[in-house]
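K.L.:
Structure in structure tokens, see below.
Every read-out reported here was derived from the displayed coordinates using simple, explicitly stated rules and does not represent laboratory data. In this text, all values refer to a predicted model and were calculated from it rather than measured experimentally. No Cβ is skipped: glycine too gets one built from the backbone with ideal geometry, and neighbour counts run over all protein chains shown.
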Ligand code: NAD
């Protein structure tokens, strides 16, 4: 296959982790006989420095004409003045909106090898395998009016939380489709006891749930959900929620897995098809080469719902505190690249190979600083990338045998 992949390294550790993901993509392409053409563009703080815009028009144009987009992270203290007219994060929001990627899928799975990397007790996190589906192009981050003003010398600011029923329905429906290929449970998170937008969210969710009698649906208030994620995380299967709640809960959930540096994400824009889920659901766990549980789940559903182009990115930010030191964990970005292959390019075996390779490296004790235990010698970003590259080759050889 020939495919065009747009790389947006961004700021901070973004360039460091995207470089490793690209090496892994190259190794995978070489092993499986594909050609990936890369394009690269500026977004975020580096784009503001170069052109004054957080998402230059040429970057957007290249993204929209590529098969898929892999992004590092944006932002940093040098661009965080609250009075700045342009902010790096605006570039990301504009990109998501322009690509129409309304659903952000964030798998959180605790690998056995990393059960003790979580700040929670291993027995509490073992077996956790959830998928957070976050609405991505609506709600508080996009609602208008938004801004600040000064009246009689007093400052005030406003944000608007607005959802239309169609925006809610399409993302909730995607969550139910995904749940059908998993453990058939959807937890819808809202704040319906206080917010009108949440009451609409709950109403529409129940309407969608009526079409999925085989899937259990529960409503949980966002404050309670924050608590349950810590005291009974293994109970969750698919969580669906609005933009800001999803932003916060998925960062919280990342700690269950041990580090923000482990969690990939995919942002998709098309309606889900139950058929695709059933195809994946019928797949056997035939990849014994890996310790990663490759049954249908967060890393392995729904290639047919993929949007073209989809947007793939680690859930972490630009980590300015460790940028430039070569110690960032590149696995979230590498696993995002695997999701890209599966969902935007339909390269299932190749995605499996990358995920299995990551599992093998972790099983063999490879740990960057964020997931290393006390006394374990951590490896750097490039070394972790190198090990995954080497492992992709041996996994591919095993799969071919
Ligand atoms: P962050 O995710 O950048 O970092 C939080 C903590 O996690 C830091 O201690 C960091 O060192 C660590 N960390 C994150 N990724 C890691 C990795 N791959 N390996 C090892 N450790 C890792 O969040 P923050 O510090 O709140 O934000 C920093 C900047 O990133 C801000 O400007 C923020 O706006 C931006 N941000 C961007 C995105 C994005 O691009 N999608 C997301 C979140 C935050």
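K.L.:
Could you calculate the contour length gain from residue 89 to residue 325, that is, 0.36 nm times the residue separation minus the distance between their Cα atoms, to one decimal place in nm?
P.N.:
82.6 nm
K.L.:
Can you tell me which of 209-217, 261-269 comes out highest on packing, and rank the rest after it, using the mean Cβ neighbours within 10 Å?
P.N.:
Details: 209-217: 14.2, 261-269: 25.6.
Going from most to least packed, we get 261-269, 209-217.
K.L.:
Give the whole-number value, in cubic angstrom per residue, of the convex hull volume spanned by the C-alpha atoms of the stretch 157-223.
P.N.:
Hull volume normalised by residue count: 95 Å³.
K.L.:
Of the residues 123, 203, 252, which exhibits the maximal mean-square fluctuation in a Gaussian network model of the chain defined by a 10 Å Cα contact cut-off?
P.N.:
Residue with maximal mean-square fluctuation among 123, 203, 252: 123.
K.L.:
Given the options 22, 360, 124, which has the most mean-square fluctuation in a GNM of the chain, springs set between C-alpha atoms less than 10 angstrom apart?
P.N.:
Residue with maximal mean-square fluctuation among 22, 360, 124: 124.
K.L.:
While we're on this one: At 0.36 nm per residue, minus the direct Cα-Cα distance, what do residue 363 and residue 349 gain on full extension? Give it in nm, one decimal, please. It would help to have the intermediate numbers written out before the result.
P.N.:
Details: separation 14, 0.36 × 14 = 5.04 nm, distance 2.05 nm.
Contour length minus the Cα-Cα distance gives 3.0 nm.
K.L.:
For the residues 129, 352, 251, what sequence is obtained by ranking on other C-beta atoms within 10 Å, fewest first?
P.N.:
Working: 129 20, 352 25, 251 15.
With the sparsest Cβ surroundings first, the list reads 251, 129, 352.
K.L.:
Moving on. At a threshold of 8 angstrom on Cα-Cα distance, excluding pairs fewer than six apart, so keeping six or more, what relative contact order does the chain reach in percent?
P.N.:
Relative contact order of the chain: 21 percent.
K.L.:
I'd like to compare 148-161, 323-336: which one has the highest average count of other Cβ atoms within 10 Å, and what's the full order after that?
P.N.:
Order by mean packing, descending: 323-336, 148-161.
K.L.:
Per 0.36 nm of contour for each residue apart, how much would the distance between residue 162 and residue 123 grow if the chain were fully extended, relative to their Cα-Cα spacing?
P.N.:
The residue 162-residue 123 span can extend by a further 10.0 nm.
K.L.:
Using a 7 Å offset from the Cα along the Cα-to-Cβ direction at both residue 235 and residue 203, what is the distance between the two label points in nm, to one decimal?
P.N.:
Once both label points are built, they end up 2.8 nm from each other.
K.L.:
What are the principal axis extents of the Cα atoms in the stretch 1-148, in Å, biggest first?
P.N.:
Here the spans come out as 47, 43, 28 Å, largest first.
K.L.:
How many nm is it between the label spots at residue 211 and residue 252, if each spot is 7 Å from the Cα in line with the beta carbon?
P.N.:
2.9 nm
K.L.:
May I ask you to sort 195, 374 by Cβ crowding, counting other Cβ atoms within 10 Å and putting the fewest first?
P.N.:
Ordered by Cβ neighbours within 10 Å, fewest first: 374, 195.
K.L.:
Tell me, rounded to the nearest percent, the portion of alpha carbon pairs in the chain spaced more than 33 Å apart.
P.N.:
28 percent
K.L.:
Modelling each spin label as a point 7 Å along the Cα-to-Cβ direction, I'd like the residue 98/residue 394 distance in nm, to one decimal.
P.N.:
4.3 nm
K.L.:
As a test of the formula, what do you get for the chain when each DSSP H run with n ≥ 4 contributes -39,500 (n - 2.57) and the sum is divided by the residue count, at 222 nm and rounded to the nearest 500 deg cm²/dmol? Please list the in-between numbers first.
P.N.:
On the way: 13 runs with 161 residues, N = 401.
Theoretical 222 nm ellipticity from helices: -12500 deg cm²/dmol.
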